[in-house]
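Asker: First the structure, then my questions, so here it is.
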Amino acid sequence: MATSVPKTMSGVLVEKTGGIEVLQYKTDLPVPTPKEGQVLVKNDFIGVNYIDTYFRTGLYPSPKPEILGREAEGTIVSLGPSGDMYGFKPGDRVVWMAGGAYAEYTAVPAVKTHIVPSSIEPGIAAASILQGLTALTLIREAYLVQKGDWVLVHAAAGGVGLWLCQLLKAVGARVIGTASTSEKIELAKKNGAEFMINYKEEKDFVGKVKGITGGEGVAVVFDSTGKDQFENDLVVVVRKGTVVSYGNSSGAVPPLAISRLSAKNIKVLRPTLFNYIYTREEFEKYTAELFDFITKDKLNVRIHHTYPLKDIAKAHTDLEGRATTGKLLLKP
């Protein structure tokens, strides 16, 4: 099968940091050759994530030039010359997490590649793996959510937010979500949020959360927005509660005096997914659990839109403009 692989491919190259103008769609990029421990995947569906915009703008530094993108679903077409391939073979349908996804072909570490079960429809694995694993590891590792816990989820109708709402409902938590429009509020409710707050209209956000929880507050806050809600997070969380800040969509959280946490013995975390799935065992465990949730609990993997790869600038514009609810995919 490897002999059928072309020499060049289409892809999106970023040579410098900046706005959408730095996203260069090219049709003559060299197809990578898999090295030791790698498999070459022909990508069928590519996930778009907010973190991609961080690398594009330079908020998160990364070497340039580069091909952005952290996840895709496709078919293995060849294997590297050596290394542990975990039983993979050409023709296997897989999903993977690494780098260089905005392209027709990507050479990816076998250690971060997983077979897609036949029960998973095309596109669903690419729409699930990064955001779904982010949400799953947050409720398992950042804070082990228990049945009956009050949980606050900011941006509840966003990509990870919808996953959190569904997974939290599945494990029996009580979810308070935030969103900016009535449409997003209804979407989050349909996906498991018990209560919703429009943060643009609510004048007393803290009072609203306290009122919903009987004056108690929430055991944990999952906040992907960054600076805008962080001060409120510290107030609405209970004594010995946890604030999990895992994104910067409203800007980075300013420096925090650690002594402020002592008033209620609060824990504050800034986790990243890849440190929760660092080993092969961790990656396999959580990916298998995620696929079980999808198939057994009938989770709604909401795909907002699938864009042609050449329309990558439109995808980033829609994502940064908060004009999306659910997952954005690219089709090479």
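The values are calculated or read from the model by the stated rules, or taken from the named source; none is laboratory data. Computed from a predicted structure; not experimentally measured. Positions of Cβ are generated from backbone atoms using ideal geometry, with glycine treated the same way; all protein chains shown enter the neighbour counts.
Asker: Find the residue count for region 307-332, including only residues that are crowded, with 17+ Cβ neighbours inside 10 Å and part of a strand (DSSP E or B).
Answerer: The number of residues fulfilling the criteria is 5.
Asker: Under 8 Å by Cβ, and 6 or more places apart or on different chains, what pairs join a residue from region 140-158 that is on the phi > 0 side of the Ramachandran plot with one that is of a type in the set (A, V, I, L, M, F, W, C) and part of a strand (DSSP E or B)?
Answerer: Sorted first by the residue in region 140-158, then by its partner, the pairs are 155/179.
Asker: Out of curiosity, is residue 200 at pLDDT below 95, closer than 22 Å to residue 325 by Cα and either not in a strand (DSSP E or B) or not aliphatic (A, V, I, L, M) (or both)?
Answerer: Yes; evaluated as a whole, the condition is true for this residue.
Asker: Kindly indicate whether any position in region 211-227 is outside the structural domain of residue 323 (by TED's automatic domain parsing), at positive phi and without any contact (Cβ under 8 Å) to a residue 24 or more places away in the chain.
Answerer: yes
Asker: Taking region 100-143 as the search range and keeping residues that are polar (S, T, N, Q) and over 23 Å from residue 67 (Cβ atoms), which one is surrounded by the fewest Cβ atoms within 10 Å (Cβ to Cβ)?
Answerer: 118
Asker: Might you check whether a residue that is part of a helix (DSSP H, G or I) and either within 16 Å of the chain's Cα centre (by Cα) or not assigned by TED's automatic domain parsing to the domain that holds residue 169 (or both) occurs anywhere in region 263-274?
Answerer: yes
Listed here are the residues, each with its yes/no results for (1) touching a residue at least 60 places away in the same chain (Cβ under 8 Å); (2) at positive phi; (3) within 16 Å of the chain's Cα centre (by Cα).
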{"site": "46", "(1), (2), (3)": "yes, no, yes"}
{"site": "60", "(1), (2), (3)": "no, no, yes"}
{"site": "63", "(1), (2), (3)": "no, no, no"}
{"site": "66", "(1), (2), (3)": "no, no, no"}
{"site": "77", "(1), (2), (3)": "yes, no, no"}
{"site": "81", "(1), (2), (3)": "no, no, no"}
{"site": "89", "(1), (2), (3)": "no, no, no"}
{"site": "99", "(1), (2), (3)": "no, no, yes"}
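Asker: Please specify each residue of region 75-105 satisfying the condition of being outside any loop (DSSP other than H, G, I, E, B) and either in contact with a helix residue (DSSP H, G or I) (Cβ under 8 Å, 6 or more places away or on another chain) or of a type in the set (A, V, I, L, M, F, W, C) (or both).
Answerer: Passing the criteria: 76, 77, 78, 79, 94, 95, 96, 97, 103.
Asker: Can you name the residue in region 2-32 that is surrounded by 14 or more Cβ atoms within 10 Å (Cβ to Cβ) and either among the β-branched types (Val, Ile, Thr) or not assigned by TED's automatic domain parsing to the domain that holds residue 103 (or both) and is also nearest to residue 61 (Cα to Cα) among such residues?
Answerer: 17
Asker: Condition (residue is part of a helix (DSSP H, G or I), of a type in the set (A, V, I, L, M), assigned by TED's automatic domain parsing to the domain that holds residue 202 and modelled with pLDDT of 95 or more) applied to region 156-167: is it met by at least one residue?
Answerer: Yes; the residues of region 156-167 include at least one that is part of a helix (DSSP H, G or I), of a type in the set (A, V, I, L, M), assigned by TED's automatic domain parsing to the domain that holds residue 202 and modelled with pLDDT of 95 or more.
Asker: Might you check whether a residue that is modelled with pLDDT of 95 or more and either in the same structural domain as residue 87 (by TED's automatic domain parsing) or more than 21 Å from the chain's Cα centre (by Cα) (or both) occurs anywhere in region 281-300?
Answerer: No: zero hits.
Asker: Does residue 137 satisfy being closer than 18 Å to residue 224 by Cα and touching a residue at least 24 places away in the same chain (Cβ under 8 Å)?
Answerer: So residue 137 passes the test.
Asker: Quick check: is even one residue across region 45-65 part of a strand (DSSP E or B), out of contact with any Phe, Trp or Tyr (no Cβ under 8 Å at 6 or more places or on another chain) and surrounded by fewer than 19 Cβ atoms within 10 Å (Cβ to Cβ)?
Answerer: Checked region 45-65: no residue is part of a strand (DSSP E or B), out of contact with any Phe, Trp or Tyr (no Cβ under 8 Å at 6 or more places or on another chain) and surrounded by fewer than 19 Cβ atoms within 10 Å (Cβ to Cβ).
Asker: Does residue 37 meet the test of being more than 25 Å from residue 19 (Cβ to Cβ) and either in contact with a Cys (Cβ under 7 Å, 6 or more places away or on another chain) or in contact (Cβ under 8 Å) with a residue 60 or more places away in the chain (or both)?
Answerer: In short, yes.
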